[in-house]
Amino acid sequence: DQQVKQNSPSLSVQEGRISILNCDYTNSMFDYFLWYKKYPAEGPTFLISISSIKDKNEDGRFTVFLNKSAKHLSLHIVPSQPGDSAVYFCAAFSGNTGKLIFGQGTTLQVKP
Amino acid sequence: GAGVSQSPSNKVTEKGKDVELRCDPISGHTALYWYRQSLGQGLEFLIYFQGNSAPDKSGLPSDRFSAERTGGSVSTLTIQRTQQEDSAVYLCASSLGGQGLSGNTIYFGEGSWLTVV
């Protein structure tokens with residue numbers, strides 16, 4: 001039972017263009033949604049989050065959009081840079097359980 | 001240290017042997033999580049400790065897997081009679097608390113890379 005899904009295993013974009021990473025979830029009780037970035041041989045690092053009562057959160061080049069009715073969130077990176085090349089994990093957090101459930105990850109490649 | 005520390009960073013073991021993976025969370029963090037990432041897979045929840053509450057073990061894949069957290073700090077993940085499918089990166093994370101957490105104060109360690117041959 002995959003509660004958090006990232007259906008695109010990989011994405012390739014040109015430097016300077018927009019990267020859009022998508023994530024779907026099934027449980028309407030999640031309180032927060034987060035994006036993590038992971039480089040090879042390193043642990044994931046937090047990128048940006050959004051509360052379930054918001055529909056948008058922006059931090060520099062990164063914006064997360066939440067569509068609760070569709071149970072869908074997306075991460076926009078603009079402009080994309082080669083250093084953004086990494087695996088991006090979407091995660092959903094439930095305050096009731098304390099669990100953080102991750103999607104499968106999307107590998108982003110930004111080409112110079 | 002300042003971050004979540006895991007050891008060993010790399011472990012190669014023979015099939016059937018037991019392994020122990022250690023996690024030192026950030027001092028003062030009451031919540032501790034174990035995840036694993038197998039090749040080509042996403043991060044899979046294993047177990048969650050919160051203070052003195054009974055741990056949430058719902059993610060442990062089989063009874064060969066167990067975890068303890070002694071004194072509310074250091075945690076050990078034990079895998080008995082390892083199998084090749086146990087090969088993965090085992091990640092530990094800690095946070096100040098579970099209830100009402102925004103999520104962005106969860107800190108991950110670098111992981112323990114387990115290879116079962």
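The values are calculated or read from the model by the stated rules, or taken from the named source; none is laboratory data. The structure presented is a predicted model; accordingly, all values stated were derived computationally and were not measured. Methodologically, a virtual Cβ is constructed for each residue, glycine included, from the backbone with ideal geometry; neighbour enumeration extends over all protein chains shown. With ligands, DNA and RNA removed, areas are computed over all heavy atoms of the protein, side chains included. Shrake-Rupley method; radii C 1.70, N 1.55, O 1.52, S 1.80 Å.
Restricted to region A:24-34, and to residues that are farther than 21 Å from residue B:34 by Cβ and within 11 Å of chain B (Cβ to nearest Cβ), which residue is farthest from the chain's Cα centre (by Cα)?
Going through the qualifying residues, I end up with A:31.
Which one is farthest from the chain's Cα centre (by Cα) among residues in region A:86-102 that are under 23 Å from residue A:17 (Cβ atoms) and within 10 Å of chain B (Cβ to nearest Cβ)?
A:87
For region A:42-85, how many residues are open to solvent by 50 Å² or more (accessible area, probe 1.4 Å), within 13 Å of another protein chain (Cβ to nearest Cβ) and either part of a strand (DSSP E or B) or touching a Pro at 6+ places or on another chain (Cβ under 7 Å) (or both)?
4
Is it the case that residue B:59 is at the interface with chain A (Cβ under 10 Å from one of its Cβ atoms), closer than 30 Å to residue A:8 by Cα and in contact with a Leu (Cβ under 6 Å, 6 or more places away or on another chain)?
Here the answer is yes, as residue B:59 does meet what is asked.
What number of residues within region A:35-47 satisfy the criterion of being aliphatic (A, V, I, L, M) and at pLDDT 90 or above?
Residues that pass the stated criteria total 1.
Residues are listed down the side, and each one gets a yes or a no for (1) open to solvent by less than 20 Å² (accessible area, probe 1.4 Å); (2) touching a Gly at 6+ places or on another chain (Cβ under 9 Å); (3) assigned to a loop (DSSP other than H, G, I, E, B); (4) not acidic (Asp, Glu):
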| residue | (1), (2), (3), (4) |
| --- | --- |
| A:40 | no, no, yes, yes |
| A:87 | no, yes, no, yes |
| A:101 | no, no, no, yes |
| A:110 | yes, yes, no, yes |
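Among the numbered criteria (1) closer than 27 Å to residue A:3 by Cα; (2) in contact with a strand residue (DSSP E or B) (Cβ under 9 Å, 6 or more places away or on another chain); (3) not in a strand (DSSP E or B), which one does residue B:54 miss?
With (1) closer than 27 Å to residue A:3 by Cα; (2) in contact with a strand residue (DSSP E or B) (Cβ under 9 Å, 6 or more places away or on another chain); (3) not in a strand (DSSP E or B) applied to residue B:54, the lone miss is (2).
Regarding region B:23-39, can at least one residue be identified that is within 13 Å of chain A (Cβ to nearest Cβ), touching a residue at least 24 places away in the same chain (Cβ under 8 Å), assigned to a loop (DSSP other than H, G, I, E, B) and surrounded by fewer than 16 Cβ atoms within 10 Å (Cβ to Cβ)?
Scanning region B:23-39, I find at least one residue that is within 13 Å of chain A (Cβ to nearest Cβ), touching a residue at least 24 places away in the same chain (Cβ under 8 Å), assigned to a loop (DSSP other than H, G, I, E, B) and surrounded by fewer than 16 Cβ atoms within 10 Å (Cβ to Cβ), so the answer is yes.
If you check B:82, B:78, B:70, B:13, which single one turns out to be away from every other protein chain (no Cβ under 14 Å), in contact with an Asp or Glu (Cβ under 6 Å, 6 or more places away or on another chain) and polar (S, T, N, Q)?
Result: B:78 is the single residue among B:82, B:78, B:70, B:13 that is away from every other protein chain (no Cβ under 14 Å), in contact with an Asp or Glu (Cβ under 6 Å, 6 or more places away or on another chain) and polar (S, T, N, Q).
This table checks each residue for (1) at pLDDT 95 or above; (2) more than 20 Å from residue A:91 (Cβ to Cβ); (3) not in a loop (DSSP other than H, G, I, E, B).
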residue	(1), (2), (3)
B:59	no, no, no
B:63	yes, yes, no
B:66	yes, yes, yes
B:71	no, yes, yes
B:78	yes, yes, yes
B:81	yes, yes, no
B:89	no, no, yes
B:94	no, no, yes
B:97	no, no, no
